[in-house]
Amino acid sequence: MPRIVTKFVLAEDQLPDFTAVCTRKQDLKMRVWRVLLCDNSVIFDINCSMKQPHNTQVGRQVLTINLAKLTTITADKSYDWDAFRYELRDAGIRPVTKRQEFSELDKAHNVRHNENIYHRRSIVEAIFFTLKNGFGETLRTRTWFGQFREFVLKGAVRKVEHAVRV
């Protein structure tokens, strides 16, 4: 965190040891970790899974927790699932999700999308790139809870770095 150390005029030896952070993060409840992600339109939740569920299932789980915060969802074709799309509409959320093109009707649906709104999806991809580039792709923790906390901590540090840059 060189930019944070510089911004707050700290020496690296003034930062807590990594093991102290790891021990302390185990003490905090899940709801506290989610609070670290709030009040920001960039990262508002994280999903971790020890398996590889389909994107529609992950999307449904993350969005169900955060429905009150959302008005529009932009997602790529891997989130194309009519039942999920109908659930979002029923909750008053506008799904801007491309369809997998199996028929001419699917192609017609994709043409109707407002590309300016759909392009907002690139913000998410940029965040993924930033997190991977800045913190690496490897997780050090092995448990689901530890991985969730590690992701949230990376997201929170990214938010602080972003605020420091502004």
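What follows draws every value from the coordinates through simple rules; no lab data is involved. Computed from a predicted structure; not experimentally measured. FYI the Cβ positions are ideal-geometry reconstructions off the backbone, even for glycines, and counts take in every protein chain you see.
A few comments on the model shown:
- Summing charges over neighbours of Gly136, with a neighbour being any other residue whose Cβ is under 12 Å away from its Cβ, gives +1 when K and R count +1 and D and E count -1.
- Using R0 = 25 Å, the C-beta based FRET efficiency linking Asp13 and Phe129 works out to 0.20.
- For the cross-link pairs Lys51/Lys98; Lys132/Lys154; Lys51/Lys154; Lys29/Lys154, the ones whose C-alpha atoms lie over 19 Å apart are Lys51/Lys98; Lys51/Lys154.
- Applying a DSSP loop filter and a limit of 13 other Cβ atoms within 10 Å to the GluC sites (Glu not before Pro) in region 116-163 leaves Glu137.
- Selection of chymotrypsin sites (Phe, Trp or Tyr not before Pro), region 73-164, meeting DSSP coil and at most 15 other Cβ within 10 Å: Phe102
- Whole-Hz Karplus values for region 121-131 come out as 4, 5, 4, 4, 4, 5, 5, 4, 4, 4, 5 Hz, taken residue by residue from phi with 6.51 cos²θ - 1.76 cosθ + 1.60 and θ = phi - 60°; glycine and proline positions read x.
- Shape category assigned to region 54-158 from the gyration tensor of Cα positions, a/c cut at 1.5: prolate
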